[in-house]
């Protein structure tokens, strides 16, 4: 499947103008990217993802199954929950996925992951306070679809460089797992 566009949502407390989202949009041009804001509550945000994806797909003249959805932290998690709840999309892009609140590893946010059957790209910092590399490998491996996990140096996936390279490589690969590592990153393919 050749995706028709990418819907991107920000982390909690940020807006659609977050540097990571803007940088990705510019780097992926002319590929269509739509940056969106989400409500602060999880229930309303998951519903909004479906509505915003449908609007974006209609504007592109395609069905939502030809879109990619995702975002940074909270935004990516809300998109993953919408997909787990039945939103038909072509794939998920999860940047700095928050497995748990910082310092609260016992409060995992992973129950919905096994219901995700689409290709997933997850890019996270190797010192992210929302999940260690081992935790990310363990919990994201429960995704039923093909998963590519890319770890980049630092506490969070930065807005430029390795994150952009990881997303571009995944798009070029046709959303298949097995993307090659960008400089300064490590990648692992985990078949769902």
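The table below gives the values:
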item: Verdict on residue 20 being touching a strand residue (DSSP E or B) at 6+ places or on another chain (Cβ under 9 Å) and under 24 Å from residue 150 (Cβ atoms); result: yes
item: Whichever residue in segment 149-167 is modelled with pLDDT of 90 or more and touching a helix residue (DSSP H, G or I) at 6+ places or on another chain (Cβ under 7 Å) and, among such residues, is farthest from residue 23 (Cα to Cα); result: 149
item: Helices (runs of 4 or more DSSP H) within segment 6-85 that include 3 or more residues within 16 Å of the chain's Cα centre (by Cα) and more than 26 Å from residue 114 (Cα to Cα); result: 19-28
item: Output for segment 24-43, where each listed residue is buried (at least 20 other Cβ atoms within 10 Å of the Cβ) and under 11 Å from residue 78 (Cβ atoms); result: 36, 38
item: Hits in segment 44-63 (condition: surrounded by fewer than 18 Cβ atoms within 10 Å (Cβ to Cβ) and farther than 15 Å from residue 9 by Cβ); result: 58, 59, 60, 61, 62, 63
item: Residue count, segment 81-97 (criterion: in contact (Cβ under 8 Å) with a residue 60 or more places away in the chain and within 24 Å of residue 125 (Cβ to Cβ)); result: 4
item: Checklist (1) under 23 Å from residue 169 (Cα atoms); (2) modelled with pLDDT of 95 or more; (3) in contact with a strand residue (DSSP E or B) (Cβ under 9 Å, 6 or more places away or on another chain) applied to residue 65, failing item; result: (3)
item: Qualifying residues in segment 132-148 (those that are surrounded by fewer than 19 Cβ atoms within 10 Å (Cβ to Cβ) and assigned to a loop (DSSP other than H, G, I, E, B)) - the one modelled with the lowest pLDDT; result: 132
item: Any hit, segment 14-23, residues being touching a residue at least 24 places away in the same chain (Cβ under 8 Å), surrounded by fewer than 20 Cβ atoms within 10 Å (Cβ to Cβ) and within 24 Å of residue 86 (Cβ to Cβ); result: no
item: Breaking point among (1) buried (at least 17 other Cβ atoms within 10 Å of the Cβ); (2) assigned to a loop (DSSP other than H, G, I, E, B), for residue 2; result: (1)
item: In segment 89-115, the residues that are outside any strand (DSSP E or B) and in contact with a strand residue (DSSP E or B) (Cβ under 7 Å, 6 or more places away or on another chain); result: 89, 90, 96, 97
item: Candidate set: segment 76-124, residues that are out of contact with any helix residue (DSSP H, G or I) (no Cβ under 9 Å at 6 or more places or on another chain) and closer than 29 Å to residue 161 by Cβ; chosen: the one surrounded by the fewest Cβ atoms within 10 Å (Cβ to Cβ); result: 103
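The values are calculated or read from the model by the stated rules, or taken from the named source; none is laboratory data. Model, not experiment: these values are computed from the prediction. Methodologically, a virtual Cβ is constructed for each residue, glycine included, from the backbone with ideal geometry; neighbour enumeration extends over all protein chains shown.
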